[in-house]
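One structure below.
The values are calculated or read from the model by the stated rules, or taken from the named source; none is laboratory data. Here the structure is a predicted model, which means the values were calculated and not measured. Neighbour counts run over all protein chains shown; Cβ positions are idealised from the backbone, glycine included. We work out accessible area using only protein heavy atoms, side chains counted, and drop any ligands, DNA or RNA first. Shrake-Rupley method; radii C 1.70, N 1.55, O 1.52, S 1.80 Å.
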Amino acid sequence: MTATVAWIFDLDNTLHNASPHIFPHINRAMNAYLQQHLRLDEQSAGELRRSYWRRYGATLLGLMRHHGTDPRHFLWHTHQFPDLERMVVREPQLRHVLRRLPGRKFVFSNAPVHYAQAVLRVLGITSLFDAVFSIERVGFRPKPDAYGFLKLCRAHHLRPRRCIMVEDSLENLRTAKKLGMKTVWVSQAERVPGYVDVRVQGMAALSSHAAHLY
């Protein structure tokens with residue numbers, strides 16, 4: 001395997017488990033933001049957020065298109081974690097697994113950069129990545145939009161066919177596959193779509209499957 005291979009990792013529910021603590025906190029923060037800035041009650045805020053998620057794939061896009069919301073203001077106030085160390089759920093062998101993977105490594109997340117960097121620090125893996133490509137870097141056009149994938153590749157001189165995308169989201173993996181990337185789905189599911197090359201239940205299993213990806 002040559003050093004030209006690049007591993008592109010999603011962050012939440014890929015490099016760590018965000019479901020128990022992180023995602024509920026973000027959901028509450030987003031509802032509170034809508035209540036405060038759009039003057040909605042709790043139920044209306046939740047309904048509006050869910051409708052934007054279904055229509056656009058992200059609450060932020062709906063707020064930007066229909067309310068002129070400043071994306072940086074929204075992301076800053078909805079991604080504050082005073083007790084992040086306690087909230088992050090990690091796999092004990094994560095750093096060891098990542099270090100064993102040859103090639104360049106990137107984080108590509110729909111999250112804001114301040115949050116992504118904070119999580120990587122808590123996980124103790126910041127130094128293992130060449131760069132963090134956050135929502136700001138893609139002009140607030142989140143995955144699965146192909147725009148961000150292509151911008152990441154251009155910025156770091158990557159060839160999609162030499163990239164391996166590791167994600168928990170099938171929508172994002174579908175885009176990666178269309179661009180020619182190899183795909184790894186982090187999931188407990190038994191049925192695997194055709195555009196997924198490898199399914200792993202967690203990061204600890206990644207190294208044992210790596211040989212099938214290049």
Within segment 29-39, the count of residues that are out of contact with any Ser or Thr (no Cβ under 9 Å at 6 or more places or on another chain) and surrounded by fewer than 17 Cβ atoms within 10 Å (Cβ to Cβ) comes to 2
Checked Phe23, Phe108, Phe74 against criteria (over 30 Å from Tyr214 (Cα atoms) and crowded, with 17+ Cβ neighbours inside 10 Å); the one match is Phe74
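Quick check on segment 158-175: of everything there that is without any contact (Cβ under 8 Å) to a residue 40 or more places away in the chain and farther than 14 Å from Lys105 by Cα, which residue is least open to solvent (accessible area, probe 1.4 Å)? Quick ask: steps written out before the conclusion?
Here is the first cut: in segment 158-175, the ones without any contact (Cβ under 8 Å) to a residue 40 or more places away in the chain are 160-161, 170, 173-175.
Cutting the leftovers down to farther than 14 Å from Lys105 by Cα gives us 161, 170, 173-175.
Numbers: Arg161: 180, Leu170: 51, Leu173: 0, Arg174: 74, Thr175: 20 Å².
The qualifying residue least open to solvent (accessible area, probe 1.4 Å) is Leu173.
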Margin query: Going residue by residue through segment 114-127, is there one that turns out to be open to solvent by less than 60 Å² (accessible area, probe 1.4 Å), under 20 Å from Cys153 (Cα atoms), within 16 Å of the chain's Cα centre (by Cα) and not β-branched (Val, Ile, Thr)?
Written below: yes
Within segment 56-71, residues being open to solvent by 20 Å² or more (accessible area, probe 1.4 Å) and of a type in the set (Gly, Ala, Ser) number 2
Filter result for Arg100 (farther than 25 Å from Val166 by Cα, open to solvent by 10 Å² or more (accessible area, probe 1.4 Å), touching a residue at least 60 places away in the same chain (Cβ under 8 Å) and of a type in the set (Lys, Arg)):
no
Residues of segment 1-20 being open to solvent by less than 50 Å² (accessible area, probe 1.4 Å) and either among the aliphatic types (A, V, I, L, M) or part of a helix (DSSP H, G or I) (or both), in sequence order, are Val5, Ala6, Ile8, Leu11, Leu15, Ala18
Output for Cβ contacts, cut-off 7 Å, separation at least six or different chains, first residue farther than 13 Å from Asp168 by Cβ in segment 192-209, second in a helix (DSSP H, G or I) and charged (D, E, K, R), reads Tyr195/Arg174; Tyr195/Lys177; Ser207/Arg100
Those residues of segment 89-112 which are modelled with pLDDT of 95 or more and among the small types (Gly, Ala, Ser) amount to Ser109, Ala111
Looking across segment 183-197 at residues that are under 18 Å from the mean Cα position of the chain (by Cα) and of a type outside the set (Phe, Trp, Tyr), the single one that is most open to solvent (accessible area, probe 1.4 Å) is Gln188
Margin query: Whether any residue in segment 19-30 is closer than 30 Å to His156 by Cβ, in contact (Cβ under 8 Å) with a residue 60 or more places away in the chain and not polar (S, T, N, Q) is what I want to check.
Written below: yes
Only one of Gly202, Gly139, Gly148 is loosely packed, with under 14 Cβ neighbours inside 10 Å and among the small types (Gly, Ala, Ser), namely Gly139
